[in-house]
Amino acid sequence: MVKQILFILSMIIAFGILAYSFSRIVAMFKLTKPFPIKNIGLRIWMTLKVAIWQSKIFRRPVMGFFHALVFWGFCVILFGSLDMMIDGVSGMEKSLSFLGIVYTFLMAFGDIFALLVLISVVIFLFRRIFMNVRRFSGIEMKHNSHIDANIALSLIFFLMVSLLLMNANYISMHPESHAAYPVSNLIAQLIQPLSHHGFYYEFSWWSHIILIFIFMNILPYSKHFHVFMSVPNVFLSRLDPLGKLPNMDNVTKEVKIMMDPNLAYATPAATEAPPERFGVKDAEDVTWKSYLDSLACTECGRCTSKCPANITGKLLSPRKVIMDLRARMKEKGPSLSKNKSFTDNKSLIRDYVTTEELWACTTCNACATECPININHPILIMEMRRYLVMEESSAPSGLNMIFSNIQNNGAPWQFSSEDRMIWAKNLTMKVK
Ligand code: SF4
Ligand code: SF4
């Protein structure tokens, strides 16, 4: 009974803090612009392929394999964590064991995956601490980013150790259950002299559950928030071909009328309000999907490592653009959600992402292709450029010339449209 009360209290505190963290994030989402969601069937297929099967992570087969093991391990181990929580509340032991063979199967896989996740995490930590992996560096990768990653990986390490010890101690007390824990069964044989009474089991049980509570509450403030965010982010992936840039409907309508004045009479007078903003200047101008992208980013650097602008020494790093959006929302969002007209005289453009970075993008989409969780960097970059061009008229001089040529000549070249056929003046052509 005492254990039950203590557990319920710990669970209320842990989930209470988590709910508070999520409420703060929801407040940030409320500041952003709409993003329509259609085609649910295709989205489910995309989620199964990219998020569950982890298809894009295997673009780097070796490290991708270890990362996929961690993801699949988490999914299976989650079942055991749910079982523990039900035990903690109900005071029972192995509450979900009524599922019979399914239970035994999931517990056995959870036990095997605990070891695989442990090995993978040791490899990840070794790479981060002792190997100079280029994609883990860059101007956006501050000291805190590395500390954050190492803390989260260390926590996963201790989570797996406590899980295996808990299972091993359980086997020592209930030898008939060895089939459900193939890895811990071996550990149980090593620790047998210590673990024959309940104290060690209770200690490892509490260690594991408290680590789960700590881990889930650190996630919303860590790059490992992708544990929660990556699957929804893949579900909400952009389904249009990557190279297709979205137009603004009212601008498209204006251009069409300009090109064909007859449309002005055919089209009913516009009733919709003009857009408050063209493109993105600051964090609150993005769609909630772009903000979700920024929360889901794992900071793995795969995007930047394939960006031709970054590879050729330009300032642009697509990972930085995404991380900058997250940082800017964290800075401005809390005050803006309290006071809608709040301003700190700063903006995402220039104070975080420079115009030099923005204009270095070739819109090749290598970053979006490479990102394992389908983050769409070019859309955000294009929207910031849209703001610069349409609200500030501050495109680079070469582009400004092209814009005026299009306006004056209907083509990007500096020749009048009337002179377009001069080249054919002296040609004789047979017209049928
Ligand atoms: S689309 Fe832009 S940011 Fe992305 S890889 Fe290409 S150049 Fe880099
Ligand atoms: S945007 Fe995608 S590829 Fe780039 S660092 Fe984030 S998760 Fe990795």
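The values are calculated or read from the model by the stated rules, or taken from the named source; none is laboratory data. The model shown is predicted, which means the values in this text are computed figures rather than measured ones. Don't worry about glycine lacking a Cβ; one is built from the backbone with ideal geometry, like all the others, and counts go over all protein chains shown.
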Across the stretch 1-39, the tally of residues that are of a type outside the set (S, T, N, Q) and more than 30 Å from GLU202 (Cα to Cα) stands at 15
From the option list VAL183, VAL161, single residue qualifying as closer than 30 Å to CYS300 by Cβ and more than 31 Å from the chain's Cα centre (by Cα) is VAL183
Within the stretch 310-344, the residues that are over 22 Å from PHE278 (Cα atoms) and more than 14 Å from ligand 2 (Cβ to nearest atom) are ILE311, THR312, GLY313, LYS314, LEU315, LYS330, GLU331, PRO334, SER335, LYS338, ASN339
Reported set for the stretch 248-287 where residues are at pLDDT below 80 and of a type in the set (Ser, Thr, Tyr) is TYR265, THR267, THR271
Screening SER290, SER347 for residues that are under 21 Å from LEU31 (Cα atoms), modelled with pLDDT of 90 or more, surrounded by 14 or more Cβ atoms within 10 Å (Cβ to Cβ) and away from ligand 2 (no atom under 13 Å from the Cβ) leaves only SER347
Restricting the stretch 330-348 to residues that are hydrophobic (A, V, I, L, M, F, W, C) and out of contact with any Ser or Thr (no Cβ under 7 Å at 6 or more places or on another chain), the one nearest to ALA368 (Cα to Cα) turns out to be LEU348
Residue count, the stretch 302-348, condition within 16 Å of ligand 1 (Cβ to nearest atom), touching a residue at least 24 places away in the same chain (Cβ under 8 Å) and hydrophobic (A, V, I, L, M, F, W, C), comes to 10
Apart from one, (1) more than 30 Å from ALA14 (Cα to Cα); (2) more than 16 Å from ligand 1 (Cβ to nearest atom); (3) crowded, with 16+ Cβ neighbours inside 10 Å all hold for ARG238; the odd one out is (2)
Taking the stretch 361-405 and keeping only residues that are β-branched (Val, Ile, Thr) and either within 16 Å of ligand 1 (Cβ to nearest atom) or not assigned by TED's automatic domain parsing to the domain that holds LEU325 (or both), one is left with THR362, THR363, THR369, ILE373, ILE375, ILE379, ILE381
Does LYS142 meet the test of being among the charged types (D, E, K, R), within 22 Å of the chain's Cα centre (by Cα) and surrounded by 15 or more Cβ atoms within 10 Å (Cβ to Cβ)? no
